[in-house]
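To keep things clear, I will list the structure first and then write my remarks on it.
The values are calculated or read from the model by the stated rules, or taken from the named source; none is laboratory data. None of these values were measured; they are calculated from a predicted model. Here the Cβ positions follow ideal geometry from the backbone for every residue, glycine too, while neighbour counts run over all protein chains shown.
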Amino acid sequence: MSFTFSNSTEVFIFIILCSVYVCSILWIYGDAATRDMGAKGAILPLIFVIAAALALTKGMTWVLLVWPIGYIAWFILRPKTSHAITE
Amino acid sequence: MLDLLSKQHIVAKEGFNRWLIAPAALGIHLCIGSVYAWSLFNPSLIKRLGVVTSAADDWTLKSVVWVFTVAIVFLGLSAAVAGKWLEKVGPRMVGTVAAFCWGGGFVIGGIGILTGQLWLLYLGYGVIGGCGLGLGYVSPVSTLIRWFPDRRGMATGIAIMGFGGGAMIAKFMIEPFIKLFYKAPDYLGTVESVALTTDESGRRLAEIAGNLQEVVIVGANDIANMLVPGDAGVYVVGTGTVGVAQAFFTLGAVYFVIMMCAAFGYRVPAEGWKPKGWVPPPEDSQHAMISHHSVHIDEALKTPQFYQLWIVLCFNVTAGIGVLAVAKTMMNEIFGSTLPNIVDFGFASTYVLMISAFNMVGRFVWASASDYLGRRNTYWVFFTLGIILYCSIPYTAHQVSVNPSVVWLVYFYAATMIIFTMYGGGFATIPAYLADIFGTKYVGGIHGRLLTAWASAGVFGPLAITSLREISVKNAITDLVSKISPADFQAKFGAGLDQLDQLVAAKTVTISKLMEIAPIGTVDPTSSLYNTTMYLMAVILFVALIANATMRPVNARHHMKD
């Protein structure tokens, strides 16, 4: 993985995008846990992580493409009902 | 044996003194906190072959700085995974596994240095050691919050203070160990007395017993940066020992023993235990930010508050860690060239020690203060003051290059120390902030997951610093070369300007060496290498300020129900 930045604005945008990416994965992980998805709930976010890592090796454009596709795929694939976790 | 480590085995008996948990927590955090002393290894690691100065095949600063980054990334990842496991098995089990990972990581890393395998250093210290960091870090936090519900900030401040102070203790071990095992390479004589040639890759060579061997040259400006003081002149590459691998083995053994002892000191309070006479704060508007309800680990990931706190932690740490990863180098580069009589190797080492001291003190002081100020207000202070200080550092750097006065050194020293108290304070206050927002029941697990913010910051900080520095160095060298006559350049480096890129890559041409032949009156560009980085950090802190300012209590639909 190699990134070349020519100024601080590019580094700032990179930091913000990566933060959004990590937070998205965490949110999906939590969403899966409240939808009783079992192992599938752990695997799907993992696919997102792998896709993100692969996209990172290709450059920023790929990252920007994979993120919305992954998100849309998640909303299509997840079970429609969720529940609150009780004690 | 496993039963001895289980959570059920360590429930405290009636009358147990809760203050006894503090030394155990502190012990583990002091050991794993030595990761902050990583910059003390950098000067040795980048001279593994050259020993007195970097040789062409030596690891670069950029490549070894990333070992620290990998360790921090794995700290966050392992903490995120271990948080839930910790709630199940208890702190002693987690602390024991941490001891094996951290101690073992040092040993594997040491083998990597000894054999010149950088990947082994990454695997040992970065991956396995990083897992030890994450497990060790989360092991006492939720236990302390449960023992001290009346002083959450102070309790977590005590433990996390150890993490900040680890580098301070480590300094007293790392440097003596490195010096103990250090062996200087063969000295050939002064530059004038040795016939030198430069090959097409930019390496300097000397004829020894009929064979051309690679050598390194220690110039007048390099003497202050030598690990053990020596003479200026020509040294043979690969004939000395830098001593860092042996130091790794010794440190690994020491940390393992201490962490095992500390893990066996952990106790957890019985279910429903409360300090004598303590009454939980009432549910009124004055205490609106302190929740009486608990949010499950997984449910917390669906609340905006989790992500606001993620940004608060991540960006506070990004700003701090970016400077921390190259703190000693920064002091050398900015002030070493302008005030060489004051800023030498010893001064820079003391600077690292002081970073650790202020980082440690900040953890305890700010976290304890947050019990009275409130968590949100405490972070307000961090971000507003941080923005001002980061923005002021470029001005200081510019002033010292124009007018090399000690005043600017003092200001820089003070500003960075305040930054590091707030960096440490940010870490130490976050578990109490989480307990206030999400309740205490699953705070350990939620804290573990929030540490992914730290892992991310472990990438962003060094990435920002090294990328922007590389751009600045390249620009500065190009600018300096344009002011130097080609004849002077040829005489100094034994090659023409057409080979500039190769000479820079082989470290034959550096800013300090170019300054030796630059026209009188040329301003040393070293002091402004970090300007853009500082402004970027200030912008990042502003984003964190917004995230903190908009923090509100968690919506009731996320609360756990019986």
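Would you point out which residue out of A:MET1, A:MET60, A:MET37 is touching a Ser or Thr at 6+ places or on another chain (Cβ under 8 Å), more than 22 Å from B:VAL312 (Cα to Cα) and modelled with pLDDT under 80? Full working, then the answer.
Details: A:MET60 fails: touching a Ser or Thr at 6+ places or on another chain (Cβ under 8 Å); A:MET37 fails: touching a Ser or Thr at 6+ places or on another chain (Cβ under 8 Å).
None of the other options fit; the residue is A:MET1.
Name the one entry in B:VAL107, B:VAL52 that is within 30 Å of B:GLY202 (Cβ to Cβ) and either in contact with a helix residue (DSSP H, G or I) (Cβ under 7 Å, 6 or more places away or on another chain) or not in a helix (DSSP H, G or I) (or both).
Values: B:VAL107 fails: within 30 Å of B:GLY202 (Cβ to Cβ).
Checking each option against the conditions leaves just B:VAL52.
Step by step: first the residues of the stretch B:265-290, then only those that are under 21 Å from B:PRO553 (Cβ atoms) and in contact with a helix residue (DSSP H, G or I) (Cβ under 6 Å, 6 or more places away or on another chain), then the one that is nearest to the other protein chains (Cβ to nearest Cβ). Which residue is that?
Looking only at the stretch B:265-290, we keep the residues that are under 21 Å from B:PRO553 (Cβ atoms), and these are B:279-290.
Then keep just the ones that are in contact with a helix residue (DSSP H, G or I) (Cβ under 6 Å, 6 or more places away or on another chain); that gives B:281, B:289-290.
Numbers: B:PRO281: 22, B:MET289: 22, B:ILE290: 20 Å.
Only one residue tops the list, namely B:ILE290.
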(message) If I filter the stretch B:167-186 for residues that are surrounded by fewer than 22 Cβ atoms within 10 Å (Cβ to Cβ) and over 30 Å from the mean Cα position of the chain (by Cα), do I get at least one hit?
(response) yes
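If you take the residues in the stretch B:519-550 that are in a loop (DSSP other than H, G, I, E, B) and without any contact (Cβ under 8 Å) to a residue 60 or more places away in the chain, which one is farthest from the other protein chains (Cβ to nearest Cβ)?
Only one residue tops the list, namely B:ILE520.
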(message) Which of the numbered conditions does B:VAL141 fail, given that it passes all the others? Conditions: (1) in contact with a strand residue (DSSP E or B) (Cβ under 6 Å, 6 or more places away or on another chain); (2) surrounded by 19 or more Cβ atoms within 10 Å (Cβ to Cβ).
(response) (1)
(message) Between a residue in the stretch B:1-24 that is over 22 Å from B:THR156 (Cα atoms) and any residue that is hydrophobic (A, V, I, L, M, F, W, C), which pairs come within a Cβ distance under 6 Å, given they are 6 or more apart or on different chains?
(response) B:LEU5/B:MET93
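Residues being more than 7 Å from chain B (Cβ to nearest Cβ), more than 17 Å from B:LEU313 (Cα to Cα) and not aliphatic (A, V, I, L, M): count how many of those fall in the stretch A:8-36.
Here is the first cut: in the stretch A:8-36, the residues more than 7 Å from chain B (Cβ to nearest Cβ) are A:9-10, A:13-14, A:16-17, A:20-21, A:24-25, A:28, A:32, A:35-36.
If we keep only those that are more than 17 Å from B:LEU313 (Cα to Cα) too, we end up with A:9-10, A:13-14, A:25, A:28, A:32, A:35-36.
Add one more test, that the residue is not aliphatic (A, V, I, L, M), and what stays is A:9-10, A:14, A:35-36.
Of the residues in the stretch A:8-36, 5 are more than 7 Å from chain B (Cβ to nearest Cβ), more than 17 Å from B:LEU313 (Cα to Cα) and not aliphatic (A, V, I, L, M).
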(message) Whether any residue in the stretch A:20-35 is at positive phi and free of Cβ contacts under 8 Å to residues at least 60 places away in the same chain is what I want to check.
(response) no
(message) If B:LEU514 satisfies all but one of (1) at pLDDT 85 or above; (2) part of a helix (DSSP H, G or I); (3) of a type outside the set (Phe, Trp, Tyr); (4) surrounded by fewer than 21 Cβ atoms within 10 Å (Cβ to Cβ), what's the number of the condition it fails?
(response) (4)
(message) For the stretch A:73-82, check the following and say yes or no: at least one residue is under 30 Å from B:TYR535 (Cα atoms) and either more than 11 Å from chain B (Cβ to nearest Cβ) or crowded, with 17+ Cβ neighbours inside 10 Å (or both).
(response) no
(request) Could you look through the stretch B:291-308, keep only residues that are touching a helix residue (DSSP H, G or I) at 6+ places or on another chain (Cβ under 6 Å) and in a helix (DSSP H, G or I), and pick out the one that is nearest to A:VAL20 (Cα to Cα)? (result) B:TYR307
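Only one residue in B:LEU313, B:LEU324 is within 14 Å of chain A (Cβ to nearest Cβ) and closer than 30 Å to A:SER19 by Cα. Which one? It would help to see each step written out before you state the result.
On the way: B:LEU324 fails: within 14 Å of chain A (Cβ to nearest Cβ).
Selected residue: B:LEU313, the only one of B:LEU313, B:LEU324 that is within 14 Å of chain A (Cβ to nearest Cβ) and closer than 30 Å to A:SER19 by Cα.
Let's see how each residue does on (1) crowded, with 24+ Cβ neighbours inside 10 Å; (2) under 21 Å from the mean Cα position of the chain (by Cα); (3) part of a helix (DSSP H, G or I):
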residue	(1), (2), (3)
B:HIS398	no, no, yes
B:TYR413	no, yes, yes
B:ILE437	yes, no, yes
B:ILE446	yes, no, yes
(message) Here are the criteria: (1) under 30 Å from B:ARG376 (Cβ atoms); (2) more than 14 Å from every other protein chain (Cβ to nearest Cβ); (3) part of a helix (DSSP H, G or I). Tell me which single one B:PRO553 does not satisfy.
(response) (3)
(message) I'm checking my understanding of the structure. Among residues of the stretch B:55-69 that are of a type in the set (Phe, Trp, Tyr) and part of a helix (DSSP H, G or I), which one is surrounded by the most Cβ atoms within 10 Å (Cβ to Cβ)?
(response) B:PHE68
(request) For the stretch B:172-195, indicate whether the set of residues that are part of a helix (DSSP H, G or I), of a type in the set (Phe, Trp, Tyr) and under 24 Å from B:GLY374 (Cα atoms) is non-empty. (result) no
(message) Among the numbered criteria (1) in contact with a helix residue (DSSP H, G or I) (Cβ under 7 Å, 6 or more places away or on another chain); (2) at pLDDT 90 or above; (3) of a type outside the set (A, V, I, L, M, F, W, C), which one does B:GLY322 miss?
(response) (2)
(request) Check B:PHE248 against each of (1) crowded, with 20+ Cβ neighbours inside 10 Å; (2) touching a Gly at 6+ places or on another chain (Cβ under 9 Å); (3) assigned to a loop (DSSP other than H, G, I, E, B) and name the one condition it does not meet. (result) (3)
(request) Could you grab me the full set of residues in the stretch B:468-508 that are outside any helix (DSSP H, G or I) and in contact with a Lys or Arg (Cβ under 9 Å, 6 or more places away or on another chain)? (result) B:ILE484, B:GLY494, B:ALA506, B:THR508
(message) I'm trying to understand the selection: among the residues of the stretch B:60-84, which are modelled with pLDDT of 90 or more and of a type in the set (Phe, Trp, Tyr)?
(response) B:PHE74
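Checking the conditions here, which among B:ILE113, B:ILE72 is touching a Lys or Arg at 6+ places or on another chain (Cβ under 8 Å) and either surrounded by 24 or more Cβ atoms within 10 Å (Cβ to Cβ) or without any contact (Cβ under 8 Å) to a residue 24 or more places away in the chain (or both)?
Details: B:ILE72 fails: touching a Lys or Arg at 6+ places or on another chain (Cβ under 8 Å).
Testing whether each residue is touching a Lys or Arg at 6+ places or on another chain (Cβ under 8 Å) and either surrounded by 24 or more Cβ atoms within 10 Å (Cβ to Cβ) or without any contact (Cβ under 8 Å) to a residue 24 or more places away in the chain (or both) leaves just B:ILE113.
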(request) Considering (1) in a strand (DSSP E or B); (2) in contact (Cβ under 8 Å) with a residue 60 or more places away in the chain, say which one B:GLN213 fails and leave the rest. (result) (2)
(request) Starting from the stretch B:446-471, take each residue that is under 22 Å from B:LYS62 (Cα atoms) and at pLDDT below 85 and list its partners that are of a type in the set (A, V, I, L, M) and not in a helix (DSSP H, G or I), counting only C-beta distances under 8 angstrom and pairs at least six apart or across chains. (result) B:GLY461/B:ALA325; B:PRO462/B:ALA325; B:PRO462/B:VAL326; B:ILE465/B:ALA325; B:ILE465/B:VAL326; B:THR466/B:VAL326; B:ARG469/B:VAL326; B:ARG469/B:LEU529
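Would you mind finding the one in B:THR466, B:THR452 that is within 14 Å of chain A (Cβ to nearest Cβ), closer than 30 Å to B:MET551 by Cα and surrounded by 19 or more Cβ atoms within 10 Å (Cβ to Cβ)? Lay out the reasoning, then the answer.
Details: B:THR466 fails: closer than 30 Å to B:MET551 by Cα.
After applying the criteria, what remains is B:THR452.
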(request) Answer yes or no: is there a residue in the stretch B:229-239 that is loosely packed, with under 15 Cβ neighbours inside 10 Å, assigned to a helix (DSSP H, G or I), under 28 Å from the mean Cα position of the chain (by Cα) and not hydrophobic (A, V, I, L, M, F, W, C). (result) no
